[in-house]
1. Could you identify which residue out of 61, 81, 28 has the top mean-square fluctuation in a GNM of the chain using Cα springs shorter than 10 Å?
2. Report which label in (1) 60; (2) 67; (3) 82 holds the value of percent of Cα pairs over 15 Å apart derived from the coordinates of this structure.
């Protein structure tokens with residue numbers, strides 16, 4: 001496991017977009033209003049830190065895959081879903097950070 005690989009994965013826009021989509025879909029399935037953005041960062045770190053995801057991402061980087069986070073043959077939707085669901089009770093219950101209101 002490499003912290004460098006995990007960090008690279010979390011900063012991969014295609015990967016984080018897929019995690020965001022998964023969170024929104026799970027919120028809808030639970031009867032919630034989809035608002036995944038406040039949770040994306042926490043879930044992205046949890047998913048990227050999973051040993052199977054990190055290993056797949058590291059392999060894709062070594063193979064010079066130009067889009068490892070967006071390539072569904074590298075990290076499958078099922079992998080993302082499994083790790084989002086496994087971390088749901090802990091992460092989803094944490095309130096998202098407050099969005100600062102602009103002052104006039």
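All of the numbers you see were taken from the coordinates with simple rules; none came from a lab. Keep in mind that this is a model prediction, so the values were computed, not measured.
1. In the Gaussian network model the winner is 28.
2. Here the calculated entry is (1).
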